[in-house]
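The values are calculated or read from the model by the stated rules, or taken from the named source; none is laboratory data. Fair warning: this is a prediction, and the values are worked out from it, not measured in the lab. Note that we place each Cβ from the backbone using ideal geometry, even for glycine, and neighbour counts take in every protein chain shown. Calculation scope for accessible area: heavy atoms of the full protein, side chains included, ligands and nucleic acids excluded. Shrake-Rupley method; radii C 1.70, N 1.55, O 1.52, S 1.80 Å.
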Amino acid sequence: MLAALSVLESVTRTELISSRHFPPPTKIFSTLARELGSATLWSDLANTLGGWALGLALAFAIAVPLGIVVGSSALLHRLLALPIEFLRPIPSVALVPLVVLVYGTGFQSKLFLVVFACLWPLLIQTIYGVQDTDPVAMDTARSFGLGRTERLVLVTLPGAVPYIATGLRISSSVALMLAVTAELVIGSAGLGRSINLAGEGGAVELMYALIVVIGVTGWALNSVFARIERRVLHWHVSVRRLEHAR
Amino acid sequence: MSLLEVHELSKVYGEGAAATPAISELTFAVEEREFVCVIGPSGCGKTTLLRCVAGLLAPTAGSVVLRGKRVARPPDEMALVFQEYNRSLFPWMTARQNVAFPLRRKRLGKQGAARAETALDEVGLGRFVDHYPWQLSGGMQQRVAIARALAYQPSVLLMDEPFASVDAQTRADLEDLILQLRQRFGVTVVFVTHDIDEAVYLGDRIVVLTRAPGRIRETVLVGLPEPRDQIETKALAEFTRLRTHVNRVIKQEAARQPASPDAQGS
């Protein structure tokens, strides 16, 4: 890491790569340090994370209950498989003009794009998780007289949690991507818009500094999720293998 | 009246041209405190029979009657032990939680956890109550499943090839454990197996099924002395005789031509 940075530093200092396109890392980091003291960066970050969090939460609230219902009914799954497969591959970005038309350029547009993109991984993972309930586990619960609802809550759902967790982790990075995209393309307030402004204004160092902020944010969110997953799913094969390898 | 009566039980999977009869007009009874083994060539519908008896599967015709009441869904008086212990136990629960799991419906509160611990103690896992199933060996996992069935305090214990996926030594230990528990709690056992030695060693009576669709080929009374012992019982001439007899019957069955739909089983 350090070696890569020092190579970059010398290449850019000697103008092998034009510093107008790629400023020396030291300059990027000093700009970043300066920005950390400014209110703009923090309000941008709050805006981006706000879109991420609310979008992800809404998508979760819609997709997981829907996935449970669809996953538990063979008929519903057959009926909805086609519409889901049709809507899912539409890139959220393709909806930008439509969203701007309906919601304008504010937070709502960003939220819509994030929710739309996050919905699918969560929905599909939940459906698979519910369908993958072990028939022997189900028979066990039935043989001990558990009713439909009890079986759903006590057997199907815990079994589906690993799937839902994977969906959540995928959707978390998708949410960040879409929040920044919406800010870049539509101009909703946040890190994305500031990157755009910095680029247009020729503030190359600031632009790179903001990109670094987004990278670090994505990495931090991912490690938080991974940590929670390890805690909650300590019983699951994937985590047990991890613990074993350590 | 017997404790458990199976009356002309038939199960056909599918319909029309694709209809596959699994068991056909099975009739037998199980008395209170009896240990009945069900055995037959592979694919003869043993598991189908057990699932119908357990109330997990609706028969196509006939009935299962427990203490004079027709079984339409899993009765509170029965507990089932599956062959696939690793799938039957919940990996997100400890041994204690697994055993206490079916007790939540009996609303025992704190007593449930205590009963679970006692049951785990009975099967020799008193030191492993807080272990997760995947931290235990196969034999120990099946002990947890047995403890779970016991804690439920059933009058009939149904077992579906419970020891088919453990090694020989563990299997012998588990067989003796079941005999012990049955002695102590006076529970009635219906035990499905494909292992002839196991059936003769454990059972008071052996129901031998024909090849599919399963009918009753023969009922063999096992008069071996109690308590049974892995070495002494198996050294008896009577043990060898019974085992050879059952073996011969099953061999004949397996070699028989597939039954045509209207053929009469003996």
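Quick query: amide H of residue B:217 versus all other amide H atoms, modeled in the peptide plane; which residues come in under 5 Å with a sequence gap of 5 or more or a different chain?
Here B:208, B:209, B:210 satisfy the definition.
May I ask what percent, to the nearest 5, of DSSP beta bridges between residues of chain B are antiparallel?
Details: 19 of 37 bridges.
Roughly 50 percent of the beta bridges in chain B run antiparallel, per DSSP.
For B:226, B:161, A:150, give me the order by solvent-accessible area with a 1.4 Å probe, most accessible first, ignoring ligands, DNA and RNA.
Details: B:226 100, B:161 25, A:150 65 Å².
The ordering from most to least exposed comes out as B:226, A:150, B:161.
Which ³J(HN,Hα) values in Hz, rounded to whole numbers, follow from the phi angles of region B:133-140 under the Karplus curve 6.51 cos²θ - 1.76 cosθ + 1.60, where θ = phi - 60° and Gly and Pro get x?
x, 6, 8, 10, 6, x, x, 5
At a temperature of 20 °C and a viscosity of 1.002 mPa s, determine how fast region B:10-115 diffuses translationally according to Stokes-Einstein, using the Kirkwood radius over alpha-carbon pairs as Rh; express D in µm²/s, rounded to the nearest whole number. Intermediate results must be reported in sequence, preceding the final value.
On the way: Rh = 16.4 Å.
Translational diffusion coefficient: 131 µm²/s.
Where only protein heavy atoms count, and the probe is 1.4 Å, what is the accessible area per residue for chain A in Å²? Walk me through the numbers before you get to the answer.
Details: 13050 Å² over 246 residues.
Accessible area per residue: 53 Å².
Can you list residues whose amide H is under 5 Å from residue B:13's amide H, if they're 5+ apart or on another chain and H is modeled 1.01 Å from N?
B:20, B:22
May I ask you to list the lysines whose Cα is less than 30 Å away from that of residue B:234, ignoring any residue fewer than eight positions away on the same chain?
B:46, B:251
Along the positive direction of the dipole of region B:52-197 (beta-carbon charges: Lys, Arg +1; Asp, Glu -1; about the Cα centre), which of B:86, B:172, B:119 reaches farthest?
Of the listed residues, the answer is B:119.
Counting each DSSP H run of 4 or more residues in chain B as -39500 (n - 2.57), what helix-only mean residue ellipticity at 222 nm follows after dividing by all residues, to the nearest 500 deg cm²/dmol? Write down the numbers at each step before the final one.
Numbers: 9 runs with 94 residues, N = 266.
After summing the helix terms and dividing by residue count, I get -10500 deg cm²/dmol.
How big is chain B in terms of Cα radius of gyration and Dmax, in angstroms?
Looking at chain B, its Cα Rg and Dmax stand at 18.7, 57 Å.
Extending each Cα 7 Å along its Cβ direction at residue A:81 and residue A:43, get the distance between those two points in nm, one decimal.
5.1 nm
Does region B:89-153 classify as rounded, prolate or oblate by the C-alpha gyration tensor (a ≥ b ≥ c root eigenvalues; a/c under 1.5 gives rounded; else a/b over b/c gives prolate, otherwise oblate)?
prolate
Quick one: compute the contact order of chain A, relative version, from alpha carbon pairs under 8 angstrom and 6+ residues apart, as a percent. Please report the intermediate quantities before stating the final value.
Working: 263 pairs, mean separation 60.6, N = 246.
Relative CO of chain A lands at 25 percent.
Before I look further, what does chain B give for accessible area per residue, probe 1.4 Å, in whole square angstrom? Please report the intermediate quantities before stating the final value.
Numbers: 12130 Å² over 266 residues.
Accessible area per residue, chain B: 46 Å².
Note down the magnitude of the dipole of the protein assembly as shown about its Cα centre, charges +1 on Lys and Arg C-beta and -1 on Asp and Glu C-beta and zero elsewhere, to the nearest 20 debye. Numbers along the way, then the final one.
Values: 51 positive and 45 negative charges, 136 e Å.
Dipole size: approximately 660 debye.
Apply the Karplus curve 6.51 cos²θ - 1.76 cosθ + 1.60, θ = phi - 60°, to the phi angles in region A:218-225 and return the couplings in whole Hz, x for Gly and Pro.
3J(HN,Hα) across region A:218-225, in whole Hz: x, 5, 5, 4, 4, 6, 4, 4.
Per-residue mean of other chain beta-carbon atoms within 10 angstrom of the beta-carbon, peptide B:88-98? Before the final figure, lay out the partial values.
Numbers: counts 7, 3, 9, 8, 9, 3, 1, 0, 0, 0, 1.
So the per-residue partner count for this stretch is 4.
For region B:165-266, give the percent of accessible area contributed by carbon and sulfur heavy atoms, probe 1.4 Å, rounded to a whole number. Could the numbers behind the result be given before it?
Numbers: 2700 of 5150 Å².
With neighbouring chains kept in place, the figure for region B:165-266 is 52 percent.
Name the lysines eligible as straight-distance cross-link partners of residue B:106: C-alpha to C-alpha under 28 Å, and not fewer than 8 places from it in the same chain.
List returned: B:69.
Just give the residues from region B:39-75 buried by at least 40 square angstrom of accessible area in the all-chains context relative to the isolated chain, probe 1.4 Å, and say none if nothing qualifies.
B:56, B:74
Limiting things to C-alpha atoms, what are the Rg and the maximum Cα-Cα separation (Dmax) for the protein assembly as shown, in angstroms?
Rg, Dmax (Cα atoms, Å): 32.1, 100.
Please list, ordered by chain and number, the residues whose modelled amide H lies under 5 Å from the amide H of residue B:34; skip anything fewer than 5 residues away on the same chain.
Under 5 Å from the amide H of residue B:34 lie the amide H atoms of B:189, each far enough along the sequence or on another chain.
Starting from the Cα of residue A:234, step 7 Å toward the Cβ, then list every residue of region A:141-173 with an amide N under 17 Å from that point.
Answer for this model: A:162.
Which part of region B:186-211 falls in the paramagnetic zone of residue B:252, meaning amide N under 16 Å from the point 7 Å along Cα-to-beta-carbon?
Inside the label zone: B:207-211.
Mind putting a number on the dipole of chain B about its Cα centre? Charges go on the C-beta only, +1 for Lys and Arg and -1 for Asp and Glu, and I need it in Debye to the nearest 20. Intermediate values should be presented prior to the final figure.
On the way: 33 positive and 31 negative charges, 150 e Å.
I would put it at about 720 debye.
Sorting B:194, A:236 by accessible area (1.4 Å probe), largest first, what list results?
Details: B:194 100, A:236 50 Å².
The residues order as B:194, A:236, largest area first.
Which ³J(HN,Hα) values in Hz, rounded to whole numbers, follow from the phi angles of region A:110-121 under the Karplus curve 6.51 cos²θ - 1.76 cosθ + 1.60, where θ = phi - 60° and Gly and Pro get x?
Per-residue couplings from phi come out as 4, 4, 4, 4, 5, 4, 4, 6, 7, 4, 5, x Hz.
If you take the accessible area of A alone, add that of B alone, and subtract the area of the pair, what total do you get in Å², probe 1.4 Å, to the nearest 100?
Details: alone 14110 and 13130 Å², together 25180 Å².
The buried area between A and B, both sides summed, comes to about 2100 Å².
If you take the Cα Rg of region A:40-245 and divide it by 2.2 N^0.38 Å, with N the number of residues, what do you get? Please report the intermediate quantities before stating the final value.
Working: Rg = 19.9 Å, N = 206, 2.2 N^0.38 = 16.7 Å.
Against the empirical 2.2 N^0.38 Å value, I get 1.20 for region A:40-245.
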